[in-house]
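Colleague: Sharing a structure here in structure tokens format.
What follows is calculated from the coordinates using simple rules that are stated; it is not laboratory data. In this text the structure is predicted, and so the values were computed from the model without any measurement. Virtual Cβ from ideal backbone geometry, glycine too; neighbours counted across all protein chains shown.
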């Protein structure tokens, strides 16, 4: 739904602030309602992966459009839906380039939803980057205080984290020789002790940077201090949890 908002905003004149706000709010509100339905429709007795959507995308290298929810991410999807609705409402009075602001904000949350729901490592990384990259512009343009410094510091830290995560993902892909990025296949593979010693720290460090674990946490307070209200809400309420979620999965 947030992606639908982004597409619709492309066709709305930048001066029509009322339409921009409504087009930003209505789809994310619907997403929040759907996340509530998802929470109560999930069969907790059965558990496991449910509401699966899987389609081949680039099957020659094992990239599939593979989404679903389990007992962990169903709650995170609900949290994301709630925070983005609150974030849009908190940004209701943004007057400087509101069209671009809401497009970036909703692109960010599209990435967050994707990270929490995907079961393909390639899509996981793709959605992760979609969630992280808009942060630079949102803080650097609409932030306060030393916003340029904070935006650059955040971006550099997270780019290092992204590079480590990508290295870990490629390591998993080539080590198995299974020609797939799907979680359900990779998690069944028996990795050697040597592989785990090398690649677990790489992935943990990459996700730990996003989760603002010590001593790689200094980007977080600067980002919070300079970020617009909605971005700070997403930063604290959702984005940092991407790192913790990545460590879990």
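Colleague: Springs between alpha-carbon pairs under 10 angstrom, Gaussian network model over the chain: which of 79, 106, 22 fluctuates most?
Modeller: Most flexible of the set in this elastic network: 22.
Colleague: First check a/c for the range 1-248, with a ≥ b ≥ c the square roots of the eigenvalues of its C-alpha gyration tensor; if it is under 1.5, answer rounded, and if not, answer prolate when a/b is larger than b/c or oblate otherwise.
Modeller: Oblate, because a/c is 1.5 or more while a/b does not exceed b/c.
Colleague: Pairing the Cα long axis of helix 147-176 with the longest principal axis of the chain, what angle in degrees results, from 0 to 90 and rounded to the nearest 10?
Modeller: The two axes meet at around 20 degrees.
Colleague: For the chain, find the longest principal axis of its Cα atoms and tell me its angle to the long axis of helix 98-117, 0 to 90°, nearest 10.
Modeller: Roughly 20 degrees between the two axes.
Colleague: Taking Cα atoms, how many degrees apart are the long axis of helix 17-41 and the longest axis of the chain, rounded to 10 and kept between 0 and 90?
Modeller: The angle comes out near 40 degrees.
Colleague: Using a Förster distance of 35 angstrom, determine the FRET efficiency expected from the C-beta separation of residue 192 and residue 149, and round it to 0.05.
Modeller: 0.20
Colleague: Then there is this: Ignoring everything except DSSP H segments at least 4 long, calculate the 222 nm mean residue ellipticity for the chain; use -39,500 (n - 2.57) per segment, divide by total residues, nearest 500.
Modeller: Helix-only estimate at 222 nm: -21500 deg cm²/dmol.
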